[in-house]
Structure formats: structure tokens, C-alpha cells
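This report refers to the structure that appears directly beneath it.
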Amino acid sequence: MTVKEEMVIAGKLHGTHGVRGDLKIEVFPPNFKLPETIYIKDKEGKFVPLEVEAYSKKKGLIRFKGYDDLDKAKKIKHRYFYVEVSKLPQLSKDTFYEYQILDADVVFNDKVIGKVIKVDDRLSTVYLLIKCTDDKVRHLPFISEFVRDVDVQGRKIYIQPPEGWFSL
């Protein structure tokens with residue numbers, strides 16, 4: 001199958017639940033309305049469509065057409081699932097999906113000083129993990145005081161880090 005549009009990870013299929021082929025599902029974008037077809041990757045990295053047969057957001061369970069028993073469902077468990085970028089909900093200004101900022105160049109004083117290698121959102125403040133050109137990984141709070149601008153199209157994040165940040 002050929003996918004013409006860019007695909008992004010939208011969640012993860014976890015273990016099976018019950019005997020009818022239900023899988024536990026974790027959906028990453030908040031308030032995301034799951035499309036009728038989502039995709040997983042096969043061993044060769046090709047996208048394989050899965051048609052949603054039943055989905056309960058409240059219970060966190062999903063079942064797909066053709067995977068309606070436990071053995072079939074086990075074949076697709078513990079995998080990330082993908083959707084077309086156009087299916088993602090529009091975000092408000094100054095809000096970004098992780099895929100939009102991962103691997104972006106980090107710019108300070110008109111010089112590229114590193115790349116975003118991870119976004120850590122486990123705490124109340126989101127942190128960018130930046131692999132700097134000196135091979136050190138530095139954490140920067142993703143707040144307007146330090147992150148001046150995000151150019152999604154140009155894949156650049158302009159920063160003004162706190163005093164002494166580079167000596168960390």
C-alpha cells in the first residue's frame with residue numbers, strides 16, 4: 001500500500017483484553033477523534049491499515065475488523081499506531097505536536113547549537129532535551145522565557161537560555 005501523506009504516531013496498542021480481540025489502546029493527542037482507519041507498520045516498515053470495528057474511549061479498548069479473536073489480536077499488540085497528519089486536531093497557537101519539534105535545529109544568537117532529541121512532558125513544565133554541538137545533552141524548560149520562537153516549517157527552535165546554561 002502506498003501512503004501519499006505524512007504519517008505520525010498517534011498512540012499505542014497495548015495488550016489484549018478479553019477473548020473477542022479487544023486491545024487496550026493509548027491515544028496520545030488529547031481530544032483526538034480516532035479515524036475509521038489507523039495504521040501500524042509491518043516488519044519491513046510498510047504501513048498496514050487497520051479498520052476500526054469498535055472503540056470505547058471511556059474503557060480505552062479497541063477492536064479491528066479481521067482481528068476479532070484473541071490469537072489474531074495478539075499479532076498486533078504492543079505496537080505504535082499511525083494516522084495521517086491531516087487527521088490530527090488543529091492545535092492552538094504556541095502548542096505543538098512532539099513530531100513537529102523532534103530533530104529540530106536549536107538556534108541561539110543566529111547559530112545552530114544543537115538538535116532536540118527528546119521532549120520530556122512528565123513534569124508540570126515540559127523540557128526539551130537538546131543534544132548540543134559539544135556533545136552534551138542539556139535540558140531547557142519549554143517556556144516562552146527561554147524558547148523565543150518555533151518555526152515548524154523550517155524545523156528550527158530559537159532559544160534564549162538562562163545565564164550559565166551552556167556551562168551545565
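Looking only at residues in segment 10-45 that are in contact with a helix residue (DSSP H, G or I) (Cβ under 7 Å, 6 or more places away or on another chain) and among the β-branched types (Val, Ile, Thr), which one is nearest to SER56 (Cα to Cα)?
That would be THR16.
For segment 112-136, which residues satisfy the criterion of being within 19 Å of LEU168 (Cα to Cα) and among the charged types (D, E, K, R)?
LYS115, LYS118, ASP120, LYS131, ASP134, ASP135, LYS136
Assuming ILE159 fulfils every condition listed in (1) under 30 Å from LEU23 (Cα atoms); (2) surrounded by 15 or more Cβ atoms within 10 Å (Cβ to Cβ); (3) of a type in the set (Val, Ile, Thr) apart from one, which condition is it?
Every condition holds for ILE159 apart from (1).
Run VAL107 past the list (1) closer than 26 Å to ILE38 by Cβ; (2) crowded, with 16+ Cβ neighbours inside 10 Å; (3) not hydroxyl-bearing (Ser, Thr, Tyr); (4) not assigned by TED's automatic domain parsing to the domain that holds ILE25 and report the number of the one that doesn't hold.
For VAL107, the exception is condition (1).
Is it true that PHE146 is without any contact (Cβ under 8 Å) to a residue 60 or more places away in the chain and among the hydrophobic types (A, V, I, L, M, F, W, C)? Working first, answer last.
Values: without any contact (Cβ under 8 Å) to a residue 60 or more places away in the chain: yes; among the hydrophobic types (A, V, I, L, M, F, W, C): yes.
Judged against the criteria, PHE146 is a match.
The values are calculated or read from the model by the stated rules, or taken from the named source; none is laboratory data. The model shown is predicted, which means the values in this text are computed figures rather than measured ones. A quick note on method: Cβ atoms are made from the backbone with ideal geometry, for glycine too, and the neighbour counts reach across all protein chains shown.
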